[in-house]
1. As a test of the formula, what do you get for the chain when each DSSP H run with n ≥ 4 contributes -39,500 (n - 2.57) and the sum is divided by the residue count, at 222 nm and rounded to the nearest 500 deg cm²/dmol?
2. To the nearest 20 debye, what charge dipole does region 42-95 have about its Cα centre, counting +1 at the Cβ of each Lys and Arg and -1 at the Cβ of each Asp and Glu?
3. Based on Cβ point charges of +1 for Lys and Arg and -1 for Asp and Glu, what charge dipole magnitude is obtained for the chain about its Cα centre, in debye rounded to the nearest 20?
4. Modelling each spin label as a point 7 Å along the Cα-to-Cβ direction, I'd like the THR81/PHE59 distance in nm, to one decimal.
5. Lysine pairs in the chain with Cα distance under 22 Å, only those 8 or more apart or on different chains: how many are there?
6. If you average 1/r across every pair of different Cα atoms in region 6-127 and take the reciprocal, what Kirkwood value do you get, in Å?
7. Estimate the FRET efficiency between THR26 and ASP129 by the formula 1/(1 + (r/R0)^6), using the beta-carbon distance for r and 41 Å for R0, to the nearest 0.05.
Amino acid sequence: MSDKTDQEWLDSLSAEQYRVMRQHGTEHPFSGKYADCKINGTYVCAGCGEALFSSDSKFDSGTGWPSYYQAINNSAVEETTDHSLGMTRTEVHCKKCGSHLGHVFPDGPQPTGLRYCINSVSLELKEKD
Ligand code: FE
């Protein structure tokens, strides 16, 4: 988990990033810069820079949030059960720094059938050269 104190997160993130990433918030659909992004590259954690998702597994979910059918590898993200808002969902966070990323749902495309529904503000795209 993160080595940063809460104050250090407050100081290093935007207010919206802090609300989403450190307080398990959700950005408004279609508000994020990566929802419709088709650029090739690697999406890294906005909190710590760890590689999390590849553009190769991004798909157009129509939800207004960037969506991927898998993480970039088996150790990039961790999942926990989230009972907030009266729903049972699977929460996804960066394994390295613990920042909240979004949720994963079992209604994605093949080959995994999963939909990682991720907040744009939790990500930063490193474009391929
Ligand atoms: Fe991180």
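All of the numbers you see were taken from the coordinates with simple rules; none came from a lab. Bear in mind that the values here come from a model prediction, so they are computed numbers and not experimental data. As a convention, Cβ positions derive from the backbone with ideal geometry for all residues, glycine included, and neighbour counts pool all protein chains shown.
1. -1500 deg cm²/dmol
2. Details: 3 positive and 7 negative charges, 10 e Å.
Using Cβ point charges on Lys, Arg, Asp and Glu, region 42-95 gives about 40 debye.
3. Numbers: 12 positive and 18 negative charges, 35 e Å.
Value, rounded to 20: 160 debye.
4. It works out to 2.6 nm between the two label points.
5. Step by step, the pairs that qualify in the chain add up to 14.
6. Details: mean 1/r = 0.0704 Å⁻¹.
Radius from the Kirkwood sum: 14.2 Å.
7. Working: r = 33 Å, r/R0 = 0.80.
In this case the efficiency is close to 0.80.
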